[in-house]
1. Could you tell me whether any residue of the range 6-14 is among the small types (Gly, Ala, Ser), touching a Lys or Arg at 6+ places or on another chain (Cβ under 6 Å) and either modelled with pLDDT of 90 or more or within 26 Å of Cys102 (Cβ to Cβ) (or both)?
2. Any residue in the range 11-24 that's touching a residue at least 12 places away in the same chain (Cβ under 8 Å) and under 10 Å from Met41 (Cα atoms): show its pairings with residues that are of a type in the set (S, T, N, Q) and not in a loop (DSSP other than H, G, I, E, B) at Cβ separation under 7 Å, as long as the two are six or more apart or on different chains.
3. Just to verify a result, which residue in the range 23-49, among those that are among the hydroxyl-bearing types (Ser, Thr, Tyr) and not in a loop (DSSP other than H, G, I, E, B), is farthest from Ala148 (Cα to Cα)?
4. If you go through the range 37-55 one residue at a time, how many are surrounded by 18 or more Cβ atoms within 10 Å (Cβ to Cβ) and closer than 30 Å to Lys94 by Cα?
5. Within the range 93-137, can you find the residues that are touching a residue at least 12 places away in the same chain (Cβ under 8 Å), of a type in the set (S, T, N, Q) and over 15 Å from Ala66 (Cα atoms)?
Amino acid sequence: MAKHAQVKVELTGVHLCCQGCVNAADAALMSVAGVKSHCDMEKGTVAITAGDDAAAQKALDALAAAGFYGRPGNQKLAMKAVSDVPRGKVNSLKVSGIHNCCEPCCEAIKEAIATVGGVTGDTVESQETTFEVIGDFDAATLVKALNAAGFSARVESCKTAYPQSSNV
C-alpha cells in the first residue's frame, strides 16, 4: 500500500501578539482530526501538517472561524472568507468572530481599520469580538485590511445609503 505524502502549509502574517493568541490558534487547530500545528509568535506564522488537502483545508477553516487569517504558502489551499462581504460602499458594518484577546490585538485591529479610506469611527474594544465600523467606505477593503493584519471576521450586517444593485 502506497503511503501518501503529508500536506504542509505555513501561514504567514497571522496575528500572534501574545500567548493568548497562540493558545487560541492552537485550540482551534487541535479541534481538527489528523492535524498537527506549531505557532511561532515571533514570526507570526502557523505551520500545519495534515494527512491530506481536505484535512489541511479544515484546519485553515477552523483557524479562520477562530478569528485568525494568514497567507498560505500552498497553491491548492486558501483561507476562505467566513461570511459574505457586501459589495461596494457601506455606511456601517457589524463585524464579529474576530480574535481580540488583549490590548495589542485591539490596537492592531484599530490600526487596520484606520487604513481604510472613508472610515470615520469604530466601536472596537479590547477582548470584544464584535464591533461596528462607520463612515462611507468599501466593505471589501475593510475585510482585506483586517486580513492583512492577520485577522478573520464575519460580516454580520451592513447599512448603506446606496442601492446594492440595479437592473438598469
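The values are calculated or read from the model by the stated rules, or taken from the named source; none is laboratory data. Note that the coordinates shown come from a computational prediction; the quantities given were computed from them, not determined experimentally. As a convention, Cβ positions derive from the backbone with ideal geometry for all residues, glycine included, and neighbour counts pool all protein chains shown.
1. yes
2. From the range 11-24, the pairs are Val14/Thr45.
3. Thr49
4. 3
5. Answer for the range 93-137, where residues must be touching a residue at least 12 places away in the same chain (Cβ under 8 Å), of a type in the set (S, T, N, Q) and over 15 Å from Ala66 (Cα atoms): Thr115, Thr120, Ser126.
Each row is one residue, and each column tells you yes or no for (1) surrounded by 13 or more Cβ atoms within 10 Å (Cβ to Cβ); (2) of a type in the set (A, V, I, L, M); (3) assigned to a loop (DSSP other than H, G, I, E, B); (4) at pLDDT 95 or above.
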position	(1), (2), (3), (4)
Gln57	yes, no, no, no
Ala81	yes, yes, yes, no
Cys101	yes, no, yes, yes
Cys106	yes, no, no, yes
Glu111	no, no, no, yes
Val116	yes, yes, yes, yes
Cys158	yes, no, no, no
